[in-house]
Amino acid sequence: KSFTLSPTIFSAADQKYLADLKKAVDAPNQTNAKGSTDNEYFKGATIVVAIKGEVSIDDPSKGSGGTDPEAKAKEGDILSVGSQIKVGANSEIILLFSNGTITTLGANTQMTVREFLQKGFEESDKKVTDLQEEVSSSSLLIDLQIGDLVVDVKKLKKESNFEITSPVGVAGIRGTSFRLSASADSTKLSVLTGLVAFASPDKPSLMIAAGRGVVTEKGKEPVINALGDAESQSIAQTVA
């Protein structure tokens, strides 16, 4: 399915964000003062695609003038870097990053977009679901404080970087589909496709392949197991 959205559904602040992003998209066609056309990075966009239930966004860029920056999330919202997403009970949110990565956050999850920079890119008629590789090089850092998320990552370009931190480990991603669940003292990584590098404090980095998972708890050695059919099907269904 494809959808055409009227600009009027976006707030004035988000319309400005879109306009600035459009300038970034057009930038590769414009030579800067140094004669370079493809080495400049811009702020990437994090777009709310779908919501089920109650989800709030704590956006630090909207907290000026004595107003409360935390607000109910809406489909079509564009989140600034530093935004914290809080998903309520029996709720869910789907986010699209402008490099093509899609992330689904489950119930009772808190996550922050710490960093997102991306090179400018040209317009394309391709659908996100048809992309095999991210649209341009990017650097994306997500902080998963608690809860779980399922990520579908397009193959990253060589100079790109994508990491998800949790209380007891960091997952480095190249191109894969996986689930990451975090609590204050444990993290569980389940890889459906591809390969994920996972590093916990004071432990060697582990490479977790498709069909495998790792559980890390504070003060204990990581435990690697094969994924069960039910978990594999659950991740695949979320990605689909």
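Among the residues making up region 77-102, those that are on the phi > 0 side of the Ramachandran plot and surrounded by 15 or more Cβ atoms within 10 Å (Cβ to Cβ) are Gly82, Gly100. Checking each residue in region 183-240 for being of a type in the set (Gly, Ala, Ser) and touching a helix residue (DSSP H, G or I) at 6+ places or on another chain (Cβ under 8 Å) picks out Ser190, Gly211, Gly213. Among the residues of region 118-152, none is identified as open to solvent by 70 Å² or more (accessible area, probe 1.4 Å), of a type in the set (A, V, I, L, M) and farther than 24 Å from Ser234 by Cβ.
Each row is one residue, and each column tells you yes or no for (1) open to solvent by less than 70 Å² (accessible area, probe 1.4 Å); (2) modelled with pLDDT of 90 or more; (3) acidic (Asp, Glu); (4) within 24 Å of Val113 (Cα to Cα).
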| residue | (1), (2), (3), (4) |
| --- | --- |
| Lys154 | yes, no, no, yes |
| Ile164 | yes, yes, no, yes |
| Gly169 | yes, no, no, yes |
| Arg179 | yes, yes, no, yes |
| Leu195 | no, no, no, yes |
| Ala210 | yes, yes, no, no |
| Val214 | yes, yes, no, yes |
| Ala230 | no, yes, no, no |
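Is it true that some residue in region 127-137 is in a loop (DSSP other than H, G, I, E, B) and in contact with a Leu (Cβ under 6 Å, 6 or more places away or on another chain)? Yes, that holds for at least one residue.
Against the criterion of being in contact with a strand residue (DSSP E or B) (Cβ under 8 Å, 6 or more places away or on another chain) and at pLDDT 90 or above, Gln132 does not qualify.
The values are calculated or read from the model by the stated rules, or taken from the named source; none is laboratory data. Being a predicted model, the structure only gives us computed values, none of them experimental. Quick reminder, even Gly has a Cβ in these numbers, built from the backbone with ideal geometry, and neighbours come from all protein chains shown. Heads up: the accessible areas ignore ligands, DNA and RNA and are worked out on the full protein's heavy atoms, side chains in. Shrake-Rupley method; radii C 1.70, N 1.55, O 1.52, S 1.80 Å.
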